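Below is one structure, written out as structure tokens; the observations come after it.
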């Protein structure tokens with residue numbers, strides 16, 4: 001009997017460890033780096049890391065929802081660039097009010113996402129293909145709209161969103177945590193969130209339960225476009241310039257953060273808390289390697305290796 | 001058939017954390033016999049077979065294969081020792097052909113290329129030996145389930161399997177396919193291959209099995225010769241109590257018409273169906289596999305976009321373009337395939353029960369009311385006696401019968417006035433079946449109109465008030481259940497109209 005109860009205890013501990021393994025990984029990484037570099041564990045550096053992570057994290061939140069439904073979105077980087085460019089163009093070229101320009105930028109990203117959603121849900125095209133096409137289309141739109149040249153030089157109001165501070169906290173970080181909170185609540189506490197998990201788990205059964213699954217999927221892709229736009233505007237504001245090639249490769253970073261965070265690529269399980277931890281792992285790793293003067297060429301290798309290792313360990317723990 | 005034992009499992013005990021899945025279970029298999037392994041869901045049949053197959057490690061006991069004690073650490077080892085399991089879900093590759101599947105990973109080669117000539121010759125030889133008429137060049141995806149199962153069996157035989165475990169092999173076969181399977185089993189016996197036959201259908205056990213071993217709650221109840229027992233005794237052994245009758249005495253109190261279907265047609269699925277359903281009655285729908293029973297149900301439930309004809313609910317014409325429309329109008333449907341169409345296996349019991357009514361119980365018009373959701377789940381867990389540690393247990397961890405009760409709870413949560421049950425008792429044990437029959441009586445007593453689709457004719461005959469029989473996408477006729485028999489149904493089901 002003693003044996004049995006100690007077995008159960010051991011199992012509980014393992015389960016808890018398993019649940020928080022990404023967090024534990026992040027913590028371990030932080031501890032190791034704090035020994036290797038004295039500057040690492042300072043407030044300015046940590047704030048710098050979270051500010052860097054905020055842009056990719058916001059994109060990853062949207063990606064998490066898309067992946068939870070069993071889909072994928074490769075067009076986030078391009079949607080991000082397009083929305084940033086539209087907002088910038090509205091301010092600089094058309095002389096619009098900053099807030100109006102931002103709204104138009106957000107609407108542009110949402111519209112592209114909406115298109116993705118309709119193509120996936122209604123036309124029943126594979127998400128991979130639809131968003132691959134959107135990746136080049138939106139990039140094309142961006143280049144057409146900007147003539148291939150950056151749009152730069154904003155006033156203070158617009159710069160606030162990317163470069164401003166609330167107290168000591170960078171504004172992008174505040175926006176990121178706000179969105180994290182909202183999306184966490186959306187996923188865990190609202191019917192929409194429940195349906196997102198249900199669709200990823202079994203779309204047919206969800207539909208036969210009377211849920212309009214097409215509508216939910218369209219909403220998720222549109223929301224993803226919206227979040228890419230938020231990121232695009234923050235990035236434009238921070239760089240004080242809308243770059244036509246902004247956000248290239250972000251889709252892969254976002255997918256990496258989602259997967260590192262433990263969301264299943266086949267959908268139905270995971271969540272945004274894991275994703276933020278996943279995004280932080282990548283950012284902390286990059287930052288640490290920078291501080292240690294490791295060349296960015298090696299950093300790419302390290303990043304890929306960490307993703308592989310994490311997914312491998314995840315598989316291993318699921319098999320047990 | 002000799003008395004030589006090819007397999008003996010003695011005192012097998014297996015404990016999972018908190019549960020004793022097997023407690024000193026014995027099982028033995030003679031050369032060339034078909035030995036039924038019976039028990040309700042959760043009795044330990046699958047666990048026992050997984051222990052045999054090397055998927056689970058036993059805590060105690062021994063396994064003796066052909067006189068030698070064995071300890072398999074993987075299914076591969078078990079396979080090499082002559083053991084093959086034919087799972088309920090077949091494990092074939094749809095886009096490869098029959099021969100490629102049978103010899104997958106063991107192809108004869110010519111240099112670096114597959115020697116297709118030899119591959120087809122060998123495949124034909126195996127299929128001939130089994131008396132199976134399937135083209136070795138046919139792609140698996142183009143074969144029906146019955147033929148796919150034959151291929152799976154041929155694959156096992158080609159690997160020199162001496163012991164075949166068949167896990168509910170007939171659950172998705174038509175009667176005709178079942179006959180072919182049974183002939184095949186006879187031929188396997190002639191080859192001195194021993195078969196462990198897991199099934200819920202007692203008729204089949206009496207038709208082809210030599211002996212029966214019964215498990216209950218992880219314990220060995222007994223082993224009997226089929227010739228020396230009867231259905232009542234076996235059911236008694238399985239459930240540990242006497243079930244008076246397989247079917248309850250149904251009482252109907254048909255009231256006004258609640259649903260009328262008028263010339264409903266779906267291209268390629270349903271030809272001009274017309275019928276009506278009254279409150280408080282059970283309308284049986286019989287027909288062979290592929291006759292359009294499920295499609296009829298789904299077309300009423302709004303699954304098909306393209307359809308013509310009308311559906312009236314309480315005399316009022318309805319527009320049903322989606323399952324959501326049907327549910328809004330009080331029509332609900334239990335799918336014949338609970339894993340594929342009924343449940344989200346990776347979500348908890350509560351989430352599965354509440355999914356259809358989630359938006360009717362919101363806090364601040366926005367948030368899921370967790371307390372109300374829990375209460376709803378708990379109500380159905382109690383009402384339907386769903387066996388689950390808590391409402392937060394993932395559905396995939398429940399037994400088949402309890403999973404089915406979860407899907408039924410989901411239907412009931414919408415307070416339906418018309419309930420369409422498509423094979424409600426498929427793949428669940430005797431006890432759970434009886435509970436579902438009782439539930440149908442409750443529905444009828446409460447004035448619900450029930451449509452019952454079933455492949456099991458005794459079920460249709462004993463539970464329905466009236467019976468519709470379908471053949472090739474068409475309703476062939478209507479029978480009064482009180483004075484119809486299986487023969488009457490089969491006549492219509494095979495295409496002969498009522499005079």
ask   = Which value at 222 nm does the protein assembly as shown reach when only helices count, each DSSP H run of 4 or more adding -39,500 (n - 2.57), with the total divided by all residues and rounded to the nearest 500 deg cm²/dmol?
value = -16000 deg cm²/dmol
note = Shielding of B:340-349 by other chains, given as the mean Cβ count within 10 Å, works out to 6
Equivalent ellipsoid dimensions for the protein assembly as shown as semi-axes, Å, which come from the Cα gyration tensor, largest first = 53, 35, 26
request  = Express the relative contact order of chain A as a whole percentage, based on alpha carbon pairs under 8 Å and six or more residues apart in sequence.
outcome  = 32
note = Most packed first (mean Cβ within 10 Å per residue), the peptides B:363-370, B:281-288, B:52-59 order as B:281-288, B:52-59, B:363-370
request  = Return B:325, B:429, B:422, B:483 ranked ascending by Cβ neighbour count within 10 Å, so the fewest neighbours appear first.
outcome  = B:483, B:325, B:429, B:422
remark   = Mean Cβ-within-10 Å packing, highest first, puts peptides A:17-29, A:180-192 in the order A:180-192, A:17-29
For residues of A:207-219, the mean tally of beta carbons on other chains within 10 Å = 6
task = Return a whole-number percent for the relative contact order of the stretch B:49-130, with Cα pairs under 8 Å and 6 or more residues apart as the contact set.
result = 17
remark   = Shielding of A:189-200 by other chains, given as the mean Cβ count within 10 Å, works out to 5
note = Scoring chain B by relative contact order with C-alpha pairs under 8 Å, at least six apart, yields a percentage of 15
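In what sequence, highest mean first, do B:431-443, A:287-299 appear when ranked by Cβ atoms within 10 angstrom? Numbers along the way, then the final one.
Numbers: B:431-443: 18.2, A:287-299: 13.5.
So the peptides B:431-443, A:287-299, ranked by packing, come out B:431-443, A:287-299.
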remark   = So the pair-distance distribution of the stretch B:5-242, from every Cα-Cα distance in 5 Å bins, comes to percents of 1, 6, 14, 17, 18, 16, 12, 8, 4, 2, 1, 0, 0
message = Quick check: Cα centre of the stretch A:30-51 to Cα centre of the stretch B:438-499, how many Å?
response = 73
ask   = Can you give the translational diffusion coefficient of the stretch B:388-499 in µm²/s, computed by Stokes-Einstein from the Kirkwood radius over Cα pairs at 20 °C and 1.002 mPa s?
value = 137
message = Based on alpha-carbon centroids, what's the gap between the stretch B:253-298 and the stretch A:268-320 in Å, whole number please?
response = 56
inquiry  = At a 10 Å Cβ-Cβ cut-off, how would you order A:73, B:262, B:480, A:314, fewest neighbours first?
reply    = B:480, B:262, A:314, A:73
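No value in this document is a laboratory result; all are computed from the given coordinates. Please read all numbers here as calculations on a predicted model, not as lab measurements. Here Cβ is always computed from backbone atoms with ideal geometry, including for glycine, and neighbour counts include all displayed protein chains.
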